[in-house]
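Below you'll find the structure, written out as structure tokens, and then a few comments.
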Amino acid sequence: MSGFFITLEGGEGAGKSTQIPRIKDFLEHTGRKVLCLREPGGTPVAEKIRDILKTPDAMDRLCDKTELLLMYAARAQLVETLIKPKLAEGFDIICDRHDLSTLAYQGGGRGMSNADIAAVRGVALGTFRPDLTFLLDLDPLEGMKRARSRGSLDRFERSEASFFERVRATYLAYAAKHPQEVKVIDAAQTEDLVFSEIRKALEMLYAV
Ligand code: Z5A
């Protein structure tokens, strides 16, 4: 039996990485085999692309088109070489970010057109989609406070506040149009309350 592909989305500091081990524990306790991944990244090649995407380079600034293509290059490698084979083996995959991040960051944030994004997505993914997405929604100012206590800022974290406001608005607009696909969770709640909402949705998905 094929596994489920579950993704977590949201702005920086929303709590995605915090919730993933809890989801893994919960699913493993129900007897499922679980693999946790992140994007961009998750395979050796995709992790090299992640380094390019995250590291600021004052001598050779990434243009928006290159950023979009690299996101999908990393995603195609991950989906084709790892996610699809593991789903076929019956693993559930929990992925920290996936395709919706591109719509939010490269679309909403950078202003790239939906048509351009859809064209590249078509090549990279075809019709492949998650079974369920959790959108951890948080005021970007609060997310930045949480995330920036970690120290030096990567290329994305150096963006201005309005960029993150556009990212959030794009996420919420997509979720409003696709309520069956994306479950929005108020990420300003405590970690326990966030997980209890995730757990309820998982119980419905798995009917456990
Ligand atoms: N990106 C893109 O542009 N396009 C794409 O298609 C994809 C990605 C796939 C990846 O960065 C960057 O790539 C990302 C978007 C871009 N950049 N940004 N910004 P990343 O993987 O390094 O970073 P991230 O995904 O944004 O992760 P993050 O900042 O670590 O956020 P998080 O995983 O959601 O948060 P966390 O690590 O679980 O929690 C952050 C802190 O908050 C931590 O101290 C927790 O203990 C605390 N926390 C967590 N939950 C709570 C609650 N509920 N209350 C209080 N405190 C909490």
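Here are the numbers for this structure:
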{"read-out": "Taking the chain and dividing mean pair separation by its residue count, relative contact order in percent (alpha carbons under 8 Å, at least six apart)", "value": "34 percent"}
{"read-out": "Centroid-to-centroid separation of the stretch 133-193 and the stretch 33-58 [C-alpha atoms, Å]", "value": "19 Å"}
{"read-out": "Net dipole in debye of the chain [+1 Lys, Arg Cβ; -1 Asp, Glu Cβ; about Cα centre; nearest 20]", "value": "220 debye"}
{"read-out": "For LEU37, net neighbour charge (Lys/Arg +1, Asp/Glu -1) across residues whose Cβ lies under 10 Å away", "value": "+1"}
{"read-out": "Proximal lysines to LYS65, defined as alpha-carbon separation beneath 30 angstrom and excluding residues fewer than eight positions away on the same chain", "value": "LYS16, LYS48, LYS54, LYS84, LYS145, LYS177, LYS183"}
{"read-out": "Order by protection proxy (mean Cβ within 10 Å, highest first), peptides 117-127, 2-12", "value": "2-12, 117-127"}
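Every number here is computed from the coordinates shown, using simple stated rules; none is lab data. All of these numbers come straight from a predicted model, not from anything done at the bench. Cβ coordinates were reconstructed from backbone atoms using ideal geometry, including for glycine residues, and neighbour counts include every protein chain displayed.
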